[in-house]
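Throughout, read-outs are computed from the coordinates displayed, never taken from laboratory work. None of these values were measured; they are calculated from a predicted model. In this analysis, Cβ positions are derived from the backbone assuming ideal geometry, glycine residues included, and neighbour counts consider all displayed protein chains.
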Amino acid sequence: MVQFRSRQLAVMATAATLLATPGFAAEQVAAGPSAAGPTAAGLWQKTEDGKPVVWVLVVNNGSTYEGAIARTFPSADDKPGDEICSKCVDDRKGQPVLGISFIRNMQQQGLKYENGNILDPRDGKVYKAKMSVSPDGRALTVRGFWGIALLGKDETWYRLPDASMASLDPSVIAKYLPNQTVAAKQPATTGTAKAPMRKASATPPQAQQPQR
């Protein structure tokens, strides 16, 4: 399975605390279980050593689900140019990694999502992918692979509370949740240094190549 080459996008190991915030869940982002069961829609976090490395926003587009890199975090492994998908060959070529659509065409079958694909922004490669939601709606297991799913490896992300949406970049909200009202991020105070944007090298769980 696709292993992220940079530390900030390594396999998530620690669950985020689920603090449901009433009033925000909507058609595109249904956070947590509902009468019909939980869905993949919502905000998910990957961590390493108890620290967040990336947030992923999953939305329901009607017939399929899509995932976008919603927030990135600084890392010593970041390299110049990592913040742009310069090697993408489709409509995502040259797009910033922050806000890029890197999970596409996931078709829901109960708690499972199949026939999707996941992008590696570092080299522009697109892998087959599948994912599943835990019965309690708190965990999302993602698998990227070459050929067949047996050649991949699972990664687990954990759901964030709806209140976390308020800390996302406005451009991400505008692109993926245009009908949502989310508290705007506070602008930087005059004279205060702006926090550096993490040069994300977000990549999908890498597929294991079959031995020859």
How many nm separate the modelled label positions at Asp90 and Lys112, each set 7 Å beyond the Cα in the direction of the Cβ?
2.3
Rh (Kirkwood; distinct C-alpha pairs) - the range 42-118, Å
13.7
Obtain the nm distance between the two label points defined at Ala163 and Asn61 by a simple spin-label model: each point lies 7 Å from its Cα along the Cα-to-C-beta direction.
3.2
Evaluate the distance, in nm, between pseudo-label points positioned 7 Å from the Cα of Gln180 and of Lys79 along their respective Cα→Cβ axes.
3.3
Nearest 20 debye, what's the magnitude of the dipole of the range 28-171 about its Cα centre given +1 on Lys and Arg Cβ and -1 on Asp and Glu Cβ?
320
Sorting Val54, Val133, Val89 on the 10 Å Cβ count, fewest up front, what's the list?
Val89, Val133, Val54
Percentage, to the nearest whole number, of Cα pairs in the range 112-164 over 12 Å apart
67
Excluding same-chain residues fewer than 8 positions from Lys128, which aspartates and glutamates have a Cα within less than 15 Å of its Cα?
Glu66, Glu114, Asp120, Asp154, Glu155
